[in-house]
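Student: Mind having a look at this structure? Questions to follow.
The values are calculated or read from the model by the stated rules, or taken from the named source; none is laboratory data. Computed from a predicted structure; not experimentally measured. Here the Cβ is made from the backbone with ideal geometry for all residues, glycine too, and neighbour counts use every protein chain on show. Ligands, DNA and RNA are stripped out before the accessible areas are found, and what is left, the full protein with its side chains, is counted by its heavy atoms. Shrake-Rupley method; radii C 1.70, N 1.55, O 1.52, S 1.80 Å.
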Amino acid sequence: MRIDVVLPCLNEAAALPWVLGRMPHGFRAIVVDNGSADGSAKIAAELGATVVSEPRTGFGAACHAGLTAATSDVVCFMDADASLDPEQLPRVSGPVMAGEADLVLGRRVRAPGASWPAHARLGNAVLARRLRRRTGSRLRDLGPMRASRRVALLRLGIVDRRFGYPLEMVLRAATARWRIAEVDVDYLPRNGRSKVTGTVRGTLRAVHDMRRVMARQDGTQDVST
Ligand SMILES: Nc1nc2c(ncn2[C@@H]2O[C@H](COP(=O)(O)OP(=O)(O)O[C@H]3O[C@H](CO)[C@@H](O)[C@H](O)[C@@H]3O)[C@@H](O)[C@H]2O)c(=O)[nH]1
């Protein structure tokens with residue numbers, strides 16, 4: 001059975017050969033590009049990936065376009081920047097395939113030498129703590145590598161199209177009483193600087209996006225347990 005893997009991609013030409021070359025058997029890469037200037041889309045297509053060109057900008061818009069393009073029962077998401085090893089996808093998708101979890105998040109464990117700026121770690125830790133309080137869960141990471149069922153995800157009705165998309169997914173899943181699990185994944189040294197959290201400004205923008213999602217959730221539904 002095939003599993004589609006959604007990879008939001010913004011100027012990741014340098015990372016794509018490694019990432020796509022390590023896609024395990026049975027996993028199909030769907031690279032969602034919205035305006036890379038470095039030929040990422042062309043390289044991804046040459047490497048055999050399915051390429052989706054999303055006209056709207058934003059990380060969440062790319063995730064949503066990839067989810068819409070996917071056709072498999074179970075769908076994974078991961079960054080395309082070589083900070084995560086696709087060989088770990090079976091570990092993340094396994095509990096969903098086995099019916100043991102509805103959403104699995106890869107908890108990043110920093111590999112030796114991996115660059116994970118302090119401000120990005122701090123931003124992630126603060127958001128994860130708020131997520132724990134909101135959901136009554138033990139989540140330690142926002143899970144850049146994750147897996148769930150496609151139709152169930154579409155039914156969640158995630159509206160954020162910016163960086164709040166992954167957070168909104170978890171909040172809505174918790175509200176719907178999904179079984180959410182975490183598994184460890186290696187966090188690796190990356191190619192170039194992170195687009196989103198590579199700078200303090202980018203991290204603050206991401207945190208702002210996520211707080212906006214939390215506030216919106218507060219206004220519409222109770223996600224605390
Ligand atoms: N298509 C598209 N892709 C994007 C965009 N912005 C970022 N990406 C892609 O999305 C992935 C993640 O972007 P990064 O720039 O590497 O994100 P990050 O700062 O490392 O943020 C990480 O931490 C978050 C939680 O703390 C995670 O939620 C996120 O997935 C990511 O791993 C990369 O593959 C990048 O190319 C965009 O606007 N459009």
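Student: Relative contact order of the chain: what whole-number percent is it, with Cα pairs under 8 angstrom and at least 6 residues apart?
Tutor: Working: 454 pairs, mean separation 51.8, N = 225.
Normalised by residue count, the contact order of the chain is 23 percent.
Student: If you don't mind, there's one more thing I want to ask. Could you please state, rounded to a whole Å, how far the C-alpha centre of the stretch 132-158 is from the C-alpha centre of the stretch 6-25?
Tutor: With the stretch 132-158 and the stretch 6-25 each reduced to a Cα centre, they are spaced 23 Å.
Student: Can you give me the three principal axis dimensions of the chain from its C-alpha atoms, in Å, biggest first?
Tutor: Principal-axis extents of the chain (Cα, largest first): 47, 40, 36 Å.
Student: May I ask you to order 61-72, 175-186 by the average number of other C-beta atoms within 10 Å around their residues, highest value first? All intermediate terms of the calculation are to be shown ahead of the outcome.
Tutor: Numbers: 61-72: 20.6, 175-186: 17.3.
So the order, starting with the most tightly packed, is 61-72, 175-186.
Student: For a label point 7 angstrom out from the Cα of residue 28 toward its Cβ, which stretches of the stretch 57-72 have the backbone nitrogen within less than 17 Å?
Tutor: The answer is 65-72.
Student: Let me check something: with ligands and nucleic acids excluded, how do 47, 103 order by accessible area (1.4 Å probe), largest to smallest?
Tutor: Details: 47 85, 103 0 Å².
Of 47, 103, the descending order of accessible area is 47, 103.
Student: I'd like to check one number: the per residue accessible area of the stretch 1-89, probe 1.4 Å, reported in Å² as a whole number.
Tutor: Working: 3410 Å² over 89 residues.
Counting only protein heavy atoms, the per-residue value for the stretch 1-89 is 38 Å².
Student: Evaluate the distance, in nm, between pseudo-label points positioned 7 Å from the Cα of residue 37 and of residue 208 along their respective Cα→Cβ axes.
Tutor: 2.2
Student: Give me the distance in nm between label points sitting 7 Å out from Cα along the Cα-to-Cβ direction at residue 184 and residue 109, one decimal.
Tutor: Between residue 184 and residue 109, the label points sit 0.2 nm apart.
Student: Another one. Take the solvent-accessible surface of the protein heavy atoms, probe 1.4 Å, and return the percent of it on the chain that carbon and sulfur atoms account for.
Tutor: Numbers: 5340 of 10170 Å².
Here it works out to 53 percent.
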